[in-house]
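> Quick one: this structure, given as structure tokens, is what I'll be asking you about.
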Amino acid sequence: MKRNVAERPLEGILVLDFSQFLSGPSAALRLADLGARVIKVERPQGGDICRTLYISNLELDGDSTLFHSINRNKESFAADLKNLEDMADVKELIRKADVLIQNFRPGVMERLGLHYDAVKALNPGIIYGEITGYGPTGPWKNKPGQDLLVQSLSGLTWLNGDQWQPPTPLGLAAADMMAGAHLVQGILAGLVRRGIHGVGCQVEVSLLESTLDLQFEVLTTYLNDGGMQPERASMNNAHAYLGAPYGIYETADGYIALAMGSVTELGRLLDCPALSRFEDSKTWLDRRDEIKAIIAGHLITADTREWLDRLAPSDYGCADVLRWDQLLGHDAFQALQMVQTVYRSNGTALRTTRCPIRIDGEVYTSQKGSPTIGEDNGSIRSMLREVENK
């Protein structure tokens with residue numbers, strides 16, 4: 001049978017999203033982008049806590065834009081999990097589902113009777129995905145799994161900023177997003193295995209383990225160099241283990257990023273003779289602060305465009321440092337078509353990013369916005385009743 005090339009790879013897969021905040025919902029969102037039907041199971045009163053978790057106090061149609069951005073392309077089934085009738089409907093959904101996602105603190109799903117063993121008894125083939133803060137065992141297993149706290153405990157904050165600055169977190173929810181991405185990888189692996197061997201599985205990731213994996217390159221260095229702590233450069237730090245010129249430098253009218261490259265070659269291209277004495281590549285790390293100071297003093301004397309015009313023709317790693325307004329107005333960004341508009345059923349519109357994955361050259365977009373609480377209860381219950389009557 002000829003395959004419909006326009007069909008998304010996960011069409012026909014049913015996902016139940018019990019998760020809240022960012023990590024679990026972001027995983028469910030990616031599965032939805034790839035074609036899965038995602039039903040968000042949430043409380044009748046208040047729903048996902050993320051509905052009221054605001055960024056810059058920005059709200060749209062009664063919910064935070066954060067909620068809109070990671071819960072688009074989903075349906076909402078409002079259920080009181082302590083109500084017997086609602087729980088009966090939820091269990092019927094579980095019997096029909098391919099994937100279940102939850103990110104509650106340890107013990108919550110056990111108290112509700114929806115932990116893996118209980119769900120597996122209802123549906124042996126289900127792929128049960130869960131995210132915790134710090135893993136299922138150990139002294140931290142019951143600690144709150146919050147992004148900033150995880151970044152702080154993971155060592156990540158000691159890689160950012162300059163040496164004289166305090167520990168600096170990344171300016172976004174990196175732990176949440178990495179854990180969500182890793183959960184998707186595990187779920188897809190579980191679906192492939194089920195397709196081959198016919199068995200379901202439990203997929204577990206944690207914010208801490210995902211943040212440690214994010215640092216695998218530098219942690220591997222630490223584990224194999226005698227336990228030497230990474231040292232951030234005292235200026236223009238961008239990577240604790242890389243030498244000059246790696247970093248972002250101020251110019252006369254903005255900033256320029258310099259990647260890895262020969263310091264002496266850089267001196268020649270920039271007409272900066274003071275760099276010519278650093279011929280030994282070992283000095284590029286050992287004396288990086290001294291070298292970076294020379295580079296910084298030189299780059300401030302001219303505009304970014306002048307330096308880019310000198311470096312780019314020789315394929316020396318460099319880039320402008322753009323603000324979002326500059327990026328979104330650039331032809332390179334426009335060519336990617338990364339922005340889409342999604343709509344709620346009442347017509348409320350939101351501009352947001354699309355799925356970043358292309359398959360067979362196809363860009364996946366969807367105009368379906370985030371649901372209101374319980375918006376799809378009627379259609380979902382009708383679907384359950386139809387199945388029961390067959």
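> With a cap of 13 neighbouring Cβ atoms within 10 Å, and only residues DSSP puts in a loop, list the chymotrypsin sites (Phe, Trp or Tyr not before Pro) found in the range 86-171.
Numbers: sites: PHE104, TYR116, TYR128, TYR134, TRP140, TRP158, TRP164; in loops: PHE104, TYR134, TRP140, TRP164.
The qualifying sites are TRP164.
> Something else about it: Ranked from highest to lowest mean number of other Cβ atoms within 10 Å per residue, what is the order of the peptides 217-223, 14-20? Intermediate values should be presented prior to the final figure.
On the way: 217-223: 12.9, 14-20: 24.1.
Packing order, densest peptide first, comes out as 14-20, 217-223.
> Moving on to the next point. Starting from the exponent 0.38 and prefactor 2.2 Å, build the expected Rg for the chain from its residue count and divide its actual Cα Rg by it. Show your work: numbers first, answer last.
Working: Rg = 25.1 Å, N = 390, 2.2 N^0.38 = 21.2 Å.
Cα-based Rg divided by the globular estimate yields 1.18.
> Quick one: what Rg and Dmax do you get for the range 228-328 from the alpha carbons, in Å?
Reported Rg and Dmax, both Å: 13.2, 41.
> Given the Cα-Cα distance of VAL339 and LEU322 and 0.36 nm per residue of separation, how much length would full extension add, in nm?
Details: separation 17, 0.36 × 17 = 6.12 nm, distance 1.75 nm.
In short, 4.4 nm is gained.
> Something else: Arrange the peptides 344-352, 24-32 so that the one whose residues have, on average, the most other Cβ atoms within 10 Å appears first. Please list the in-between numbers first.
Details: 344-352: 13.3, 24-32: 26.7.
Output ranking for 344-352, 24-32: 24-32, 344-352.
> Starting from the Cα-Cα distance between ASP331 and MET235, subtract it from 0.36 nm times their residue separation and give me the gain in nm to one decimal.
31.3 nm
> Would you list which lysines come within 23 Å of LYS282, measuring only between C-alpha atoms, while excluding same-chain residues fewer than 8 positions from it?
List returned: LYS292.
> Compute the long axis of helix 23-33 from its Cα atoms, compare it with the longest principal axis of the Cα atoms of the chain, and write down the angle in degrees, 0 to 90, nearest 10.
80
> Given the Cα-Cα distance of ALA312 and ASP360 and 0.36 nm per residue of separation, how much length would full extension add, in nm?
14.1 nm
> Taking the alpha-carbon centroid of each part, what is the distance from the range 128-197 to the range 247-261 in angstrom?
31
> Where in the range 239-309 are there GluC sites (Glu not before Pro) that are in a DSSP coil and have at most 12 other Cβ atoms within 10 angstrom of their Cβ?
On the way: sites: GLU250, GLU265, GLU279, GLU290, GLU306; in loops: GLU279.
Sparse-neighbourhood loop GluC sites (Glu not before Pro): GLU279.
> Follow-up question, since we're still on this one. Measure out, as a whole number of angstrom, how far apart the alpha-carbon centroids of the range 21-45 and the range 210-230 sit.
33
> Assuming R0 = 56 Å, what is the FRET efficiency of ASP61 and ALA252, from their Cβ-Cβ distance, to the nearest 0.05? Write down the numbers at each step before the final one.
On the way: r = 45 Å, r/R0 = 0.80.
In this case the efficiency is close to 0.80.
> Run the reach check for LYS40 against lysines, Cα to Cα strictly under 20 Å, same-chain hits fewer than 8 apart removed. What comes back?
By straight Cα distance, LYS40 reaches LYS74, LYS82, LYS91, LYS96, LYS120, LYS368.
> For every helix of n ≥ 4 consecutive DSSP H residues, a contribution of -39,500 (n - 2.57) applies; sum these over the chain, divide by its total residues, and give [θ] at 222 nm rounded to the nearest 500 deg cm²/dmol. Walk me through the numbers on the way to the answer.
On the way: 16 runs with 148 residues, N = 390.
So the helix-based figure for the chain works out to -11000 deg cm²/dmol.
> Dipole of the chain, Cα-centred, from +1 at each Lys and Arg C-beta and -1 at each Asp and Glu C-beta, to the nearest 20 debye? Before the final figure, lay out the partial values.
Details: 39 positive and 50 negative charges, 249 e Å.
It works out to roughly 1200 debye.
> In what sequence, highest mean first, do 43-50, 193-200 appear when ranked by Cβ atoms within 10 angstrom?
Order by mean packing, descending: 43-50, 193-200.
> Once you place label points 7 Å from the Cα toward the Cβ at ALA293 and SER152, how far apart are they in nm?
So the two model labels end up 3.4 nm from each other.
> Separation of the range 298-312 and the range 324-390 by C-alpha centroid, Å?
Between the Cα centre of the range 298-312 and that of the range 324-390, the gap is 41 Å.
Rule-based calculations on the coordinates, nothing more; no lab input. Fair warning: this is a prediction, and the values are worked out from it, not measured in the lab. Counting neighbours? That spans all protein chains shown, and the Cβs are built from the backbone with ideal geometry, glycine included.
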